[in-house]
Structure formats: C-alpha cells, structure tokens
Amino acid sequence: MDGSAELEAAEQVVIRWNSSLASTAAAAAAAAAAAVEYEPMLFDGAGDRTEAERFLRAVDNIRRLAPSSPSVVGSPRRLSSGSGAAAGGGGCSAVQVTMARLEDEFRHLLSSRAFDLEIEVLADLTSLSISSDRTNSVSSMDLPAVEEDDSVSYCGGRRSIYRSLRSIREIDLLPDDAVADLRAIASRMAAAGYGRECAQVYASVRKPAVDASLRRLGVERLSIGDVQRLGWDALEAKIRRWIRAARAAVRGVFASERRLSFHVFHDLPISNVTVVTAAPATRDTPFVEAVKGAALQLFGFAEAISIGRRSPEKLFKIIDLHDALSDLLPDVSDIFGASKAAESIYVQAVEIRSRLADAVRGILSEFENAVLRDPPKTAVPGGTIHPLTRYVMNYSSLISEYKATLTELIVSRPSASTRLAAEGNELVPSLCYLELPEHENQSPLAAHIIWIIVVLEHNLESKASLYKDTALSHLFLMNNIHYIVHKVKDSPDLWSMIGDDYLKRLTGKFTVAATNYQRTSWLKILNCLRDEGLHVSGGFSSGISKSALRERFKSFNAAFEDAHRVQSGWFVPDTQLREELRISISEKLLPAYRSFLGRFRHHIENGKHPELYIKHSAEDLENAVNDFFEGAPPSPHNRRKSHG
C-alpha cells in the first residue's frame, strides 16, 4: 500500500470515530460538547481494545504521512471545527481532527476512570498521638484517625505534640491501564505539537478533583482577613484541623497528583514550538496548574496566622503550626522544590515558617511585657495565690515542654531594652535594680524564663503592698513563692532550665516570707506570755502583780481571738503547707501557753471571776489553730472556751 492509500485509510478510521465532522461549524461545536457524554468512547476501560489500538495506529500514520503546517497549530477542538476540517480536506485537517478526538478521549479518561479518593485512606497521614491534652484536645469534629504512635519524644522536651513520620503516601488516582492510555494519548498530542493543549485539558479536569479533596479534608477557602477576624477559640480549632489536613494534602493528595502527572507527561515536549508565551510550559506544568491554587489556599491559612495579631494565648498553637510546617517542608521540597514551575510554592512555605518563627519570638516578648505591665489593683482575698502567678507558671511550664523548638527559635537573651520596655509603667523604675541570674551554659530560652519569673516576683512584691495587714502581705508572698517553687519542681524540664542555684534562691525567699509572717503575726501574742513586767519587788510587797497578770491574760485572749477570727479567713491553698504552718505555730504557741498557765493560773483562780481571764485551755488553742488558713471565718460553735 502506497503512502497516499495508507494515509486515506488512516483518515477513514479517524473520521469514523470523530464526532465533530458536522456540516457546519455550529453543529460541530454542539456535537463536540455532547461527544463525551453520549457517544461511545475508544478508551472506556472495556475488555476489547482492538478499536482503540487501531485508532492509535491511524493517528501515528496520519502524523507520519500528512504534511505538516505550523500555521495551524492551536486548539484541536477549535481548529477541527473550522470549515477546512468540516470538509475533510487536507492532511493538516486530518491531524487536527485526530487531535480533537484524542482531546475528547483524554478528558473522558481522566474524568470517568478516576478513583473516588477516600479521605479515610489518608487518615493515617493525619492521625495524632497526643501525650498531653491540655490546650490541644482533638475535637470530635476532626478527621478520623487510626492507631499510630505519631508523636516524637525528646529527652530535652517535646518539639510539639504534632510530630509525624516523614513519609509520602502516593495513592493510585486512576487504574494502571487508564494511566497507560493517558500516556499514549499525551505522547501523540505532544509529538503533534499539541502538548500544551493536552496539559490544559489535564489541569482542567484534575484541578476540581484536587480542590474537592481539600474541601473534604476540611480546608476552607478563607482570605487573610477572614482568618484574622476569627475569635481565638474558633481559630484554635481551625489550626488543629489545618495541621491534620495539611499533612494529608501534601503527603497524600499533592504527592499522588505529582506521581500521576509524571507518569502521563514525563519527558514529553509540552510547549508548542510555534507558540511564544511569557512562561513556556514544562513537563511539570500540568501538575502545577492542577494543584497550585489548592496549595496556595492551603498555605494561605498558615500565612494569615503568621502575620496576625500577636497575643500570649496563641504561642503554643503557633509553635504547633510552625513544627507541623517544618515537618512537612522536606516533603514540600520533594514535591514542589525540584521544579522551576512549582518552586514558588516551596519558597512560600519556607517564608511562612520563617514568619511563624518571628511570631513566636514576638509573642514571647509580648508575654514578658504583659507580666511586667500587670498592675497592682485589688489585693486577692485571704492572701491566696494570685491568678497572675498561676497563669505565668503554667505558661512557663508549657514553654519548657516546647523547649526543643523554642531553643532553636530563641537565640538572644533578654536585653536591657526588653527589660525596661513597659514605657510609663509604675513598675519599671525599680526594674533596673533587678538581676538576671545566670548559670553555666544557660541558653537564651532559659534566660527568658528566668527573667519572666524575676519580673513575676517583682510584680508580686508590688501586689503584696496592697495589704494593710503586714502579716497578710508576708503570707501572700509565702503562698505565691511556694507555688512558684513547686511548679518548678513538678516540671523536670522547667527545673533543668532555671537551674538549682535559682531554685535555691526562690526557696530562700519562701523561707524568708514564712519567717516574716510568723514574726509579724505571732511575736506580739507570744510576748503576752513572757514574765517581764509581772513581778514586783521592794518594800513590804514583793511577788506577782495580780493586776498586771490579769491584764496580761486579757491582752493574750484579745490578741489570740483576733488572730483566730482574722487568720481563719486567710487562705493557704496547699494542704501540706497549711498543715506545716499550723504545726509551726502550735510548736511555738502551746508550750509557751502551758508554761505561762502553769506558773500563774493559781494567782488568777484565787481571785474573783477567774473565768474572765483564763478563757482557754491549751487544747482549746490547739483546736483553734486548726481553723487557721481555711479561707473562711470559723463558726461560733468552733470557738472553744474553758476555765482550765
């Protein structure tokens, strides 16, 4: 068979399967629109592939035998519907008709043979193993998870609760035979100069599929403004969901899309030689066009967080976000970084991580200033632990748990300007006298934590001055410093960072506060039980002054009963400390009272109305001391009185 006859036979095969050979261009366009839906397709996944292979051979023959004409390169659908194609004349028309049919088959294959991507398949890429559920609890609305130890423990603290195995999970998006057919069609379209058109069809079909997958993963289409207007509770939940979705999107959806695109377009000439564009297409163009919008949408959320308002409550979620993105970056690099067309996505992810790191540093500085600026307002009732103390120490404990990341991000120590940054604050002038304790090999992060506690101590001293009762101000300091010490001891990470020397310094301050409380509160009472001033001598009368003794008993009773009434309303929340304080008081008070009572009670009992002076037995005092520091005045029936 000569070349002309072979070309004619090939054209007949193509014409028989081409739905666009209508009598008019309008009819051709209508037929083309309906072709995929209503007409039988060559590549439909059926068992008999005879016609499909015959058609591909015809395509090869037409491309080999038909004369080329660069002037007609363009959309095969548009060109094949023109008058020349409708007439069926010319080799170029045959090529255009062939490309139009292949375009339809390519689109149909991508649409009809694609698997319905089950999000549950990606669940193991989003699962979490949360060792601590303080602020990072997973909502029941989150994605399904499977049993997997997903967290990474560090001997020096956790980097984040969101740690994952660094593994890409490539999922088959189409059956192998469909991928082979796509490759066969794409290679012929590219060889005929229609590679760009083939890539456009590919992107037009896969882009909605990628977008749908991200929606099912919970990735919302939010602008930066939308994100920044969200309340913190809503935003916190969306960050948790984003972390999970991002891992599935990058390691599952994007990786699988890149794999499919590679199998279809690898080594094919995508650009049309005769078409000059500002951005020539490459073999990565189909993949990039399919996923770029979804990727920018995905990372846009993290970008909005990175440039949003900084406040202390956001720190740990932003660290989680930073760590999740850091964990994903090697995969993002593998998927996007090696391609010129896609590297902008990787560059954006790197820049967002850098901005998140800046946000972490800024929030830590803001937290320090917030502690500094918290003004003395109203004294907390009963000298109990101040809410600021609880907040700061719980926050510091969490900081220490994230020290693996924070040690990398916090690279400078608190500067003098940082320490005095609260312009116009009444606490600032005295801060210049505060020292920042240092120990050997102290990290910048450790210096920041110590500085936070130093500022907290200073603030507490200002708050203690609000109490009119000096003893209560000492009790307040004792309670709060005791809480600080125990929070440090309860957190090995925090203890190791601040060091034994500073902990001893804190313990010393606690001891001083406890001693000052007992001295200011009980010295006056115990002085009532001293002998000085009771003895008279000289002339005909020597011995005990009964009037002075009666006044001494009255003074003791009044002072103790006042202490009982007042200090029962004071509060020591730590059970062990409360009991130790009562024991310490009893050890000083009871022996002194028993001794005083033993030496002088007969002087009172021999006089008139002894019950007015000896109101309490030692047992009564012991029972009364047990009412102290309960945070509520004792009821009247708890006040025991005795004549001895």
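Coordinate-derived values only; no laboratory data. Given the structure is predicted, the values throughout are model-derived calculations rather than measurements. With ideal geometry, Cβ positions are generated from the backbone for all residues, glycine too; neighbour counts draw on all protein chains shown.
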| Within straight-line cross-link reach of Lys608, lysines at Cα separation under 26 Å, skipping those fewer than 8 residues along the same chain | Lys546, Lys554, Lys641
| message | Can you return the lysines within cross-link range of Lys504? Criterion is Cα-Cα under 17 Å, with same-chain partners fewer than 8 residues away left out. | response | Lys487, Lys489
| Between Glu53 and Asp176, 0.36 nm times their residue separation minus their Cα-Cα distance comes to what? | 42.6 nm
| said: Using a 7 Å offset from the Cα along the Cα-to-Cβ direction at both Asp469 and His263, what is the distance between the two label points in nm, to one decimal? | reply: 7.9 nm
| request: Work through the residues other than Glu220 whose Cβ is under 13 Å from its Cβ and net out their charges, Lys, Arg +1 and Asp, Glu -1. | output: +3
| Alpha-carbon Debye profile of segment 441-564, log10 I(q)/I(0) at 0.13, 0.17, 0.20 Å⁻¹ | -0.67, -0.89, -1.07
| request: Pull out the extension gain between Asp501 and Glu351, defined as 0.36 nm times the separation in residues minus the alpha carbon to alpha carbon distance; nm, one decimal. | output: 50.0 nm
| task | With label points built 7 Å along Cα→Cβ from the Cα atoms of Arg229 and Val411, find their separation and express it in nm. | result | 3.8 nm
| Counting Lys and Arg as +1 and Asp and Glu as -1, what is the net charge of the other residues whose Cβ lies under 10 Å from the Cβ of Ser261? | +1
| said: How compact is segment 466-538 by the rule of thumb for globular proteins, expressed as Cα Rg over 2.2 N^0.38 Å? | reply: 1.66
| Roughly speaking, what is the stretch gain from Arg215 to Leu296, that is 0.36 nm per residue apart minus the C-alpha to C-alpha distance, in nm to one decimal? | 27.8 nm
| request: Among Gly252, Ser339, Ile319, pick out the residue whose Cα is farthest towards the positive end of the charge dipole of segment 205-351, where Lys and Arg carry +1 and Asp and Glu carry -1 on C-beta, about the Cα centre. | output: Gly252
| In terms of Cα to Cα distance under 20 Å, which lysines are near enough to Lys340, apart from those fewer than 8 places away along the same chain? | Lys207, Lys292
| Once you put a point 7 Å from the Cα of Arg64 and another 7 Å from the Cα of Arg519, both along the Cβ direction, what distance in nm separates them? | 10.7 nm
